[in-house]
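**Q** A single structure is presented below for examination.
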Amino acid sequence: MDRREIESIVIEVLEAVQETSGEAYMEVGPDDRPIGVLDGFDSLTGLEATAMVEKRIGCEIERASAFVSEDGRRALTLAETCEYLEGIVGSGSQAVA
């Protein structure tokens, strides 16, 4: 799975989360941080989106949220999130059952 496929999955998940929560989806670019940019998308919503991404990419995500830094102090950009996920997919992490 390449970066483009991962980004497409992440964007689809972001759109689904926004729709489910009754919020409008606003296009997110590579330098945008979903947490703080998308209405209603916060750290809690990031956990839900992470679980959805995990299921879609078929790999276990070790962090609680793919949308925040490892230390939990900074919201990641879309590009940073995709880079992190690409590393997981590329490392051959355990597939999620």
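We did not get these values from a lab; they are worked out from the coordinates using the rules stated. As the structure is a prediction and not an experimental result, all values here were calculated from the model. Glycine also receives a Cβ, built like all others from the backbone with ideal geometry; neighbour counts cover every protein chain displayed.
**Q** On C-alpha positions alone, give me the angle between the axis of helix 78-91 and the longest principal axis of the chain, in degrees, nearest 10.
**A** 20 degrees
**Q** Under 5 Å between amide hydrogens, which residues at least 5 positions from Cys59 or on another chain qualify, with H placed 1.01 Å from N in the peptide plane?
**A** Amide H neighbours of Cys59, under 5 Å, 5+ apart: Val96.
**Q** Follow-up. Excluding Glu62 itself, what net charge comes from residues whose Cβ is under 14 Å from its Cβ, given Lys and Arg +1 and Asp and Glu -1?
**A** Net charge around Glu62: -3.
**Q** Here is a follow-up. Exactly which GluC sites (Glu not before Pro) in the stretch 1-45 are in a DSSP loop and have at most 16 other Cβ atoms within 10 Å?
**A** Listed in order of number, the matching sites are Glu23, Glu27.
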